[in-house]
Each structure stands twice: as structure tokens, then as C-alpha cells.
Amino acid sequence: HFSQLPALEILRLYKENFRPSPWLQSPKAMMATHIICAETDEEAQDLALSSDLSFSLFVQTGKSVPLPTVAEAKAYPYTSEDWKQIRASSMPKFVGSPETIVKKLRPYVSSGVIDEL
């Protein structure tokens, strides 16, 4: 799941409009997603900063950079424009403690739309 578009809606549309073929008789849907998990939600948010900064620098420069450390990401002088760009264009991700991640993924798992996560 790498689009800002709602994954479950897209997969529902796919399944509703699926037409059998000689290669596939029924629709199948697998979703992969970006998860950043730590013991606490706060720790996971800190770890996510590295990913956010890396993505922001990639968008700004067009070049991949080594993943910044959490300390580097926390110390980076983000502007309000940086945060707007990060929120608007970074890939969707689930961030939090194991309990939080399970809670956030539950609607996807129980939707009946996804065959594999």
C-alpha cells in the first residue's frame, strides 16, 4: 500500500469489477504496508522521523540518502513546508506499539477485502 488513495476502497472496486479469466477464476487481494513498530507509541514516532526525513530529502533532491539516525532526524531544522510535504506525499504507514499496530490493522484484516496482509 504505497498510495495516498484508500486501499480498502480500491480493493473493493477491484473485487466488485473482477471478471474471471482462464488464469484466475476469482479475485485475490494482497496488501503490503509500511509498519514502524516499537515498544511504545512514542518510540515508534521517533523511529518514524528517520523515515520521514529520508523521504523528504529524497523528494527535495531526487537522490536517495542513507537513513538518518533518530538523533539526526530529531535535530533536523524542519520547516512548516517540510512537514506539509512529508504529510502530503509520504507513503502511508502504520506507526506505534504492537497494540496500536494491531488496532490500526484490524479494520483491514476484518474487512473481508484483503486475502493476505
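The values are calculated or read from the model by the stated rules, or taken from the named source; none is laboratory data. The shown structure was predicted, so the numbers you read here are calculated from the model rather than taken from an experiment. When the accessible area is computed, the model is the full protein with side chains, heavy atoms only, and any ligands, DNA or RNA have been set aside. Shrake-Rupley method; radii C 1.70, N 1.55, O 1.52, S 1.80 Å.
For the reader, a short list of remarks on this structure follows.
- Nonlocal amide H pairs with Val95, under 5 Å, H built at 1.01 Å: Ile36
- Helix 80-89 axis, angle to the chain major axis (alpha carbon atoms, nearest 10°): 20 degrees
- Segment 6-13 - phi-based ³J(HN,Hα) in whole Hz, Karplus 6.51/-1.76/1.60, Gly and Pro as x: x, 4, 5, 5, 5, 5, 4, 4
- What a 1.4 Å probe finds exposed on the chain is 60% carbon and sulfur by accessible area, rounded to a whole percent.
- Cα-based helix-to-principal-axis angle, 41-61 vs the chain, degrees rounded to 10: 90 degrees
- Summed over the residues of the chain and divided among them, the accessible surface reaches 68 Å² per residue at a probe radius of 1.4 Å.
- Recomputing log10 I(q)/I(0) by the Debye sum over Cα atoms at q = 0.11, 0.13, 0.15 Å⁻¹ from the coordinates shown identifies the correct label among (1) -0.34, -0.47, -0.62; (2) -0.49, -0.64, -0.79; (3) -0.55, -0.70, -0.84 as (2).
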